[in-house]
Amino acid sequence: MKHPLVSLAFIAATVPVASAQWIPENPALDFEKLPNGILIHMQTGALRLEVCTESMLRVTYAPQWPPPANGVELSIVKKDWSAVPWSVQSDAKGITLTTGQLKVAVNRQDSVLSYFDSTGKSLLSEGPKKMTAAMVNGEQTFHALDVFKVYGSDEAFYGLGQHQAGVFNYRGESVDLSQENTNIAIPFFVSSKGYGIYWNNTSPSRFNNRFIHYLYLSSEVADSIDYYFCYGPQFDKLVADYRTLTGDAPLFGKWAYGFWQCKNKYTSQEEILGVARKYRELKIPVDNLVQDWFWWTRTGEFKFNSKYPDAAAMLMELHNENFHLMVSIWPFFYPGTTTYEDMDERGFFIEKTPAVSFHPKGMALYDAFNPAARDYYWNLVNNSLFKIGVDAWWMDTTEPETEGVEENILLDHKVAIGSGARYANAYPLMTTMGIYNHQREASEAKRVFILSRSAWAGDQRYGVTAWSGDILSDFETFKRQIPAGLNFELSGLPYWTTDIGGFILGHPNDPRYRELFIRWFQYGAFCPIFRVHGTRVPNENEPWSYGAEAQTILTNFDRLRYRLLPYIYSMAWKITSEKFTPMRALIMDFPQDERVRNIGDQFLFGSALLVNPVTEEGATTRHLYLPRTKWVDFWTGETQNGGGYVDAPAPLSTMPLYVRAGSIVPLGPELQYSNEKAADPIELRIYPGADADYLLYEDENDNYNYEKGAYATIALHWNDQGRTLTIGDRRGSFPGMLAHRTFQIVVVKQGHGTGIDATSPPDQVVQYDGSNKEVSTLAR
């Protein structure tokens, strides 16, 4: 199918664009005030500026006003906003709308918008806009194109979802925003100048900055040009604005932040139970096992095949051994089953069009845009899986994808609410929403966890972790995962992971592959979700599959992950309560350090830990940049000044890991699984060199009672000059809370408070009963 955006991109790249003369001027004639903004009447159409917050504006243009309501508006973005102060001024040259943090000026001559911060600093110019009438998938609609002027040579762009070209800074790049296996489209990006843009369109779109002075945003199907402009300038503020707009991320059960064992694929009940038993025998920490595809009798028939003679008993045994089980579910259905025939009769499959022989009586995709079809799909999942105890959902192929088809199959099909081309990018949101909402209705006792191969704006509110798809198993692909994940995080969605070791091939007995697997595993221990997967030859993918040396290294990083659970779970609360980003590109925390602008292979995990994956085969050192502050080597305790490059030791057994001076990192006891025992004692490692604050969070570890206030926090403060640690009063409570606990205080220095093992002896031991404690004898 010829993609209509090709012609738009060609125009954008080849026509002289000093002032975008190829788009006719469209003067602003007059304006009227609205309760939350202004409506500008233009020579053709109208432009509406809506004030959402002091830092966020919505901009909508249509060649006729009001815009035609050709589609159904999906519930993706927030609609109701509290009133904030704003003002409008007008003169012969233009119309200016001002909030407490933003100013946007509309030029009367051509309706070009110019954005400024509250000090008058220029941020961006936008316009002219072009809406071209078009017939797309049988629907009379428009192609949309907007032109943005980009100032200066040093501006950088990040976000746009997850893409696999190895690019971190999208300045000078072109990115298709369409859902595909290994590529996830999120129409939100942020600029190093401190602003962000959410492009509010669910059809295939494009970000094109190949001519670096101009940025073109275009969409295949549109009734209007519609976007949100937000200003931080901090990146955390931009991400927070995105989540304010599209929804907050709930907490996962604590078990989800532990280790996930998976491969392509476990083939029987006996095999799964055998793997679980061996993990416990070897005392390798793990919480989760994953059953990949073809556990069923036929695709779409939610029945375990004969190799799983008693799935309910299997779940019971796994739960008794303190495992959780995630099961792969697909949106596709094969003919030849009563389920297929029933869904077909009810009209729950995507409608067939003459262009593609897709259905009937062939493989069919369920229509997640149809509420009744979502209900039906959940009933299949619920009756066969949730009711017998399955804990999490691996929602594969949610792009959706059909092997061998270049374009998204929705582009020339109809869905329940209209043209598939209009809504194609939102399919993953619709199908994950259905599972999340139905499970919440069925039970509040178990938090929803969804692993999805694709995602769309707002998916974070439905308990979704995205992963990077069916990627290759080599060092180059591994290297590309790091900027892909960081840009996904900068797109506003906090939970992301990869197939550790890659999906396609890899032999555990191959020394080169073992090295890759170890390096990838070391990196994966610092991803929001920590999960191995892949197609191995032979079909073995557990730590013991890779030999004794590898097993020791893998187990050590697994142990470190579990010791860090108090840090990780408290960070998860920060994601939920403060819209925090867990996997942090260096530009987020060091925006004034120009050297980090193009560094996409290092990141902070939380606010404290600087992670430096080793992605070069055979490397024994890692060339890395230490941003401008003081850093402490996690393995040695040695302090180094930032602002320069270092060659850090990187033997196969370790990965360079630094801690920001002025950090408190809580480490829990050794565990075999996340809820084996209460997080007691907790070793509080203090990394001196600056003051530090930390909020320790705890709750019941699962269920949604935290949404009703059933949780507790303890605020920690380190005064660096006075060498004093204050452990504040506990705030809140929950059933089963540890009333009295032990804190082991360790002030890190060279050779003391280092590595994975507990520090013995600690500097001080504090018995804590929930009341404020001040520890003031921590010598240098």
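Points to keep in mind about this one:
- A simple count of charges around Pro649, restricted to other residues whose Cβ falls under 13 Å of its Cβ and scoring Lys, Arg +1 and Asp, Glu -1, yields -2.
- Net lengthening on full extension, Glu549/Asp154 (0.36 nm per residue, minus Cα-Cα): 137.6 nm
- Surface exposure of the range 174-332, expressed per residue as accessible area with a 1.4 Å probe, stands at 27 Å².
- Ranked packing of 65-76, 290-301, 662-673, most packed first, by mean Cβ within 10 Å: 662-673, 290-301, 65-76
- Restricting attention to the range 161-299, close to 90% of DSSP beta bridges with both partner residues there are antiparallel.
- Relative packing of 107-117, 565-575, 492-502, which averages over residues the other C-beta atoms within 10 Å, highest first: 492-502, 565-575, 107-117
- Our coupling estimate for the range 731-747, obtained by passing each phi through the Karplus curve with A = 6.51, B = -1.76, C = 1.60 and θ = phi - 60°, is 10, x, 7, 7, x, x, 4, 6, 6, 10, 8, 10, 10, 9, 8, 9, 8 Hz, Gly and Pro reported as x.
- If you plug the beta carbon distance of Phe332 and Ile212 into 1/(1 + (r/R0)^6) with R0 = 45 Å, you get a FRET efficiency near 0.60.
- By accessible area, using a 1.4 Å probe on protein heavy atoms only, the chain has 50% of its surface on carbon and sulfur.
- Glu270-Glu406 pseudo-label distance in nm [points 7 Å out on the Cα-to-Cβ vector]: 4.8
- Additional length obtainable on full extension of the chain from Asn539 to Leu282, 0.36 nm per residue less Cα span: 90.5 nm
- Gap separating the Cα centres of the range 108-179 and the range 704-780, nearest whole Å: 47
- Heavy-atom surface of the range 439-596, accessible at 1.4 Å and reported per residue (Å²): 24
- Percent antiparallel among DSSP beta bridges (both partners in the chain, rounded to 5): 85
- Karplus 3J(HN,Hα) series, Hz, for the range 667-679 with 6.51 cos²θ - 1.76 cosθ + 1.60 (x for Gly, Pro): 10, x, x, 4, 9, 9, 7, 4, 9, 4, 7, 5, 6
- Amide H contacts under 5 Å for Ala134: Thr141, Phe142, His143, restricted to partners 5 or more places along the chain or on a different chain, H placed in the peptide plane at 1.01 Å from N.
- Per residue accessible area in Å² of the range 51-148, where ligands, DNA and RNA are left out and the probe is 1.4 Å: 44
- For the residue pairs Lys579/Lys708; Lys265/Lys387; Lys479/Lys677; Lys103/Lys149; Lys129/Lys414; Lys237/Lys446, the alpha carbons lie more than 26 Å apart in Lys479/Lys677; Lys129/Lys414; Lys237/Lys446.
- Compared with the alpha-carbon gap, the fully stretched path from His717 to Asn322 is longer by 138.7 nm at 0.36 nm per residue.
- Summed over qualifying helices (DSSP H, 4 residues or more, each -39500 (n - 2.57)) and divided by its residue number, the chain shows a 222 nm mean residue ellipticity of -6000 deg cm²/dmol.
- Protection proxy ranking for 536-542, 681-687, 145-151, using the average of other Cβ atoms within 10 Å per residue and placing the highest first: 681-687, 145-151, 536-542.
- Built amide H within the under 5 Å cut-off of Gly94, gap 5+: Arg108
- Spin-label pair Ala165-Thr621: with each label point 7 Å from Cα along the Cα-Cβ axis, the two points sit 3.3 nm from one another.
- Proximal charge balance of Val415 [Cβ under 11 Å; K/R count +1, D/E count -1]: 0
- FRET efficiency estimate (nearest 0.05) - Cβ-Cβ, Ala92 to Arg512, R0 60 angstrom: 0.30
- Structure-derived Cα extents along the principal axes in Å - corresponding label in [x] 85, 70, 61; [y] 77, 69, 50; [z] 106, 96, 60: [y]
- Positive minus negative residues near Ala276 (Lys, Arg vs Asp, Glu; Cβ under 12 Å): -4
- J(HN,Hα) series, the range 383-389, from Karplus relation 6.51 cos²θ - 1.76 cosθ + 1.60, nearest Hz, glycine and proline x: 5, 8, 10, 5, 5, 9, x
- Counting DSSP beta bridges with both ends in the range 392-482, the antiparallel % (nearest 5): 25
- Centroid-to-centroid separation of the range 470-485 and the range 605-625 [C-alpha atoms, Å]: 15
- A simple spin-label model places pseudo-atoms 7 Å from Cα toward Cβ; at Glu441 and Arg628 they are separated by 5.4 nm.
The values are calculated or read from the model by the stated rules, or taken from the named source; none is laboratory data. Just so it is clear, the model here is predicted, and its values are computed rather than measured. No Cβ is skipped: glycine too gets one built from the backbone with ideal geometry, and neighbour counts run over all protein chains shown. What goes into the accessible areas is simple: the full protein's heavy atoms, side chains included, and nothing from ligands, DNA or RNA. Shrake-Rupley method; radii C 1.70, N 1.55, O 1.52, S 1.80 Å.
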